[in-house]
Amino acid sequence: MSEYSPLQSEIKKLIKSSGPMPVWRYMDLCLTHPKHGYYVSRDPLGREGDFITAPEVSQMFGELLGLWAASVWKAIGSPSLLRLIELGPGHGTMMADALRALRVLPPLYQSLSIHLVEINPLLRDKQKATLTGARNIAWHDTIDDVPDGPSVIFANEYFDVLPIHQVVRGQNGWHERTVEIDGDGKLVFGAAAEPTPRFEVLLPPLVRAAPVGAVFEWRPDAEIMKIASRVRDQDGAALIVDYGHLRSDAGDTFQAIARHNFTDPLKSPGLADVTAHVDFQALVRATEDIGARAHGPVTQGDFLKRLGIETRAVTLMAKTTHEISEDISGALKRLVGGGRGGMGQMFKVLAVSEPNLTSLAGFEDEDQDAGAEQDTGTESP
């Protein structure tokens, strides 16, 4: 990337005046700086943007999530009002596809109150254009602003952009990882001089034996606790879809993407999407600590197959041309497949619900396994 980054100058001024900047603060500025932040100043999605999300790959993704919302609505007693909430809704494509699927259930469709949590004014405009004609729709800066009521919450590629904290293992403990300026005036990674006191007691089991130089990263639980407490107290469920790992472990996953390619996260702050993998075990732990129920996680491929994506693809292909059928087949492979370009294995799906929802579509096997473990008093390996 060769574009001038106005945010880089501001970050360097902050470092010169206040000292090395924690990674979480750097990431936060890159994404949400009020003037130069990536997510408040540009449209990152699609072929002309920096990356493509699952809803942009195929309409099947949003349609199946809409039908999943319908199954939750029925499971909680078909309330006369259901708040359908999406966090970080992109162009509004997924919500539009979900609503199209939900129109086949008039009682549910009439009960919907739609809420989009979005801070980017450019994306809000695109969402309004995509969702022209949708009724009972409102926009919010945070989920805290959404009115109370039974809810289904979608968070697709939302958690990966929440700022991470990082620490590096030294000879005498774990040091907070920082961003600082080197002798050539470039932004580089560093570490706090003194270790964080007693940080070892907070580490997950897999990380305690990590070698010197290892990096451990985590996100605060605030956002998942907001979601979990809402569905716990007000009925409903949330669906979290993101790329990440199943178990908490050491590893540096802080990265930047621009024009569909990886780039140096310190090179052009504010001009690239900076993200980090989602620790799904940490999300489950926070969910259960607050008294909500976790379902999964499962791979995106398994989840979509259980919801019937292969049958849906066959139905769509039967109604169109050979060329479009090939596109549908390619989209299916990308959504459920593994390997290079495939999202089916790298992306995981976790549902969070109020405690009495013991089974949810797409998680049936995992929910039964969890019930068996609880009954026998055993733990999963």
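Brief remarks follow.
- If you check R219, R135, R208 for being of a type in the set (K, R) and within 23 Å of T275 (Cβ to Cβ), only one passes: R219.
- The residues in region 115-138 that are hydrophobic (A, V, I, L, M, F, W, C), in contact with a helix residue (DSSP H, G or I) (Cβ under 8 Å, 6 or more places away or on another chain) and within 22 Å of D242 (Cβ to Cβ) can be counted, and the count is 3.
- Residue that is surrounded by the fewest Cβ atoms within 10 Å (Cβ to Cβ) [pool: residues in region 162-190 that are under 18 Å from F216 (Cα atoms) and among the charged types (D, E, K, R)]: E176
- Cβ-Cβ contacts under 6 Å between residues 6 or more apart (or on different chains), taken from a first residue in region 82-95 that is in contact (Cβ under 8 Å) with a residue 24 or more places away in the chain and outside any strand (DSSP E or B) to a second residue that is among the basic types (K, R) and surrounded by fewer than 24 Cβ atoms within 10 Å (Cβ to Cβ), are listed as H91/K126.
- Only one of the numbered conditions (1) out of contact with any helix residue (DSSP H, G or I) (no Cβ under 9 Å at 6 or more places or on another chain); (2) part of a helix (DSSP H, G or I); (3) under 29 Å from G213 (Cβ atoms) is not met by A286, and that is (1).
- Filtered residue count, region 263-317, keeping only those that are under 17 Å from G362 (Cβ atoms), among the basic types (K, R) and touching a residue at least 40 places away in the same chain (Cβ under 8 Å): 3
- Meeting the requirement of 3 or more residues that are under 29 Å from S18 (Cα atoms), the strands (runs of 3 or more DSSP E) wholly within region 136-246 are 165-170, 173-181, 187-191, 215-218.
None of the figures in this text is laboratory data; all of them are computed from the coordinates on show. On a predicted model such as this, the values are computed, not experimentally measured, just so you know. All Cβ positions, even for glycine, are placed from backbone atoms using ideal geometry, and neighbour counts span all protein chains on display.
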